[in-house]
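None of the figures in this text is laboratory data; all of them are computed from the coordinates on show. None of the values given here were measured: they were computed from a predicted structure. Heads up, the Cβs are rebuilt from the backbone with ideal geometry, glycines too, and the neighbour counts pull from every protein chain shown.
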Amino acid sequence: HAKEHGRNRYQLYRSGLIDAVVERLDIDTRLRQALERAELTLHYQPIVALADGRVIGTEALIRWNDPEHGLMRPDVFIPHAERSGAIVPVGAWVLSEACRQAIAWHQDSPEPLSVSVNVSARQFQEPNFVGTVEQALVDSGLPPSRLQLEITEGLLLVVNINVADTLHALKRLGVRLSIDDFGTGYSSLAYLKQLPIDVLKIDRSFVAGIPERMDDAQIATTIITMAHGLGLRVVAEGIETERQVHFLREHGCDYGQGYFIARPLPEKEIARWFPKDHHWRAAQN
Ligand code: C2E
Ligand code: MG
Ligand code: MG
Ligand code: MG
């Protein structure tokens, strides 16, 4: 019997299952510690109006400054945090930190700047999610309209919770809602129409093909036309070239973000990046 047991364990090891469980527990513990030890930080990427270069806000992007591994990008640890549930306290921290930072810009600048925060499916499904958002707004004093929450299309397809109810509750708080990585999922137009969404963000995989690839260009222009028809604004993410700026501007895309405009910057550098006249220079020519 013991031998049998041993063999099963061996099978589990071989299948990588135990490794995966151990890794998940480990990441979970380390992430919660990282939160306590202030090893998590937010970088901010500017978002500008493509028509005139006006800076409208930033997107907050989490980084983990691990003493062992250095600065880690979210793709490395967010999926683990989602599975283990650590995303719930981490996400609450992101919300309060981003709101606190946005109110500082808000006080310094003549123009109102908004901050966009990514929300994962697990976080969104937490019963007290709306309360967490409200708490971050109250604690910081940030006007709710200055907070934008980014959810992915995949979340709209989750059937075990009432996504629409939560979106409406968030909307009642006065926050703005956007669909991130738009075009990669399967959300139907009919469904989208019923939801209180303000913004669609064109996934950067389509932006990357502009203007050379006809299919990508076509998808992008279709999203822009459709979004405007539904009364939504459009952000193009992942803009890396001047030609992409021109194409998107010419086709009426409202806003843009990407390395060509600015990389995500640490808190200390972002205030210095903001142009004095509040406009991104390259847009003026
Ligand atoms: P996302 O929300 O779609 O964010 C855009 C990603 O594209 C960011 O990667 C950003 O650094 C990158 N990016 C921006 N401009 C360019 C460009 O011109 N070229 C290229 N190649 N990439 C560009 P990052 O910061 O590594 O974040 C990856 C993803 O992790 C995010 O994708 C988002 O889904 C998730 N994430 C980031 N922060 C958080 C957070 O606080 N909470 C949650 N739940 N997820 C987060
Ligand atoms: Mg995003
Ligand atoms: Mg995105
Ligand atoms: Mg993306």
FRET efficiency estimate (nearest 0.05) - Cβ-Cβ, H279 to Q125, R0 35 angstrom:
0.35
The range 158-285, relative contact order [Cα under 8 Å, separation at least 6], %
18
With a cut-off of 18 Å, note down the residues of the range 206-227 whose backbone N falls inside the zone around a label point 7 Å from the Cα of R243 toward its beta carbon.
206-221
Would you mind telling me which residue in E134, E126, E68 has the biggest mean-square fluctuation in a Gaussian network model of the chain, where springs connect alpha carbons within a distance under 10 angstrom?
E68
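About its Cα centre, what dipole magnitude does the chain give when the only charges are +1 on Lys and Arg Cβ and -1 on Asp and Glu Cβ, stated in debye to the nearest 20? Please list the in-between numbers first.
Working: 30 positive and 37 negative charges, 58 e Å.
Here the size comes out at about 280 debye.
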Paramagnetic reach from L173 (point 7 Å along Cα→Cβ, amide N under 11 Å) across the range 76-98:
92, 95-96
Rel. contact order, % - alpha carbon contacts under 8 angstrom, at least six apart, the chain:
19
If I fit a long axis through the Cα atoms of helix 163-173 and take the longest principal axis of the Cα atoms of the chain, what angle between them do I get, 0 to 90°, rounded to 10?
50
Nearest 500 deg cm²/dmol is fine: what mean residue ellipticity at 222 nm does the chain get from its DSSP H runs of n ≥ 4 alone, each adding -39,500 (n - 2.57), divided by its residue count?
-15000 deg cm²/dmol
For the range 178-183, take each phi angle, set θ = phi - 60°, evaluate the Karplus expression 6.51 cos²θ - 1.76 cosθ + 1.60, and give the result in whole Hz per residue in order, putting x for glycine and proline.
10, 9, 7, 6, 5, x
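Considering Cα pairs under 8 angstrom that are at least six residues apart, work out the relative contact order of the range 115-183 and quote it in whole percent.
Numbers: 69 pairs, mean separation 28.1, N = 69.
So the answer I get is 41 percent.
Subtract the Cα-Cα distance of E111 and A38 from 0.36 nm times their separation in residues, and report this length gain in nm to one decimal.
So the extension gain works out to 23.2 nm.
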With angles folded into 0 to 90 degrees, how steeply does helix 87-108 sit against the dominant principal axis of the chain? Use alpha carbons for both and round to 10.
30
Between the range 173-233 and the range 241-264, the alpha-carbon center distance in angstrom:
15
Give me the three principal axis extents of the chain from the C-alpha atoms, as integers in angstrom, largest value leading.
76, 42, 36
Estimate the FRET efficiency between T29 and R213 by the formula 1/(1 + (r/R0)^6), using the beta-carbon distance for r and 51 Å for R0, to the nearest 0.05.
0.70
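For the range 107-149, what does the alpha-carbon gyration tensor say about shape, rounded, prolate or oblate, given a ≥ b ≥ c as the root eigenvalues, a/c under 1.5 as rounded, and a/b over b/c as prolate?
Working: a/c = 3.95, a/b = 1.92, b/c = 2.06.
Verdict is oblate for the range 107-149.
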Taking a point 7 angstrom from the Cα of F260 along the C-beta vector, which residues in the range 232-247 have backbone N less than 19 Å away?
234-247
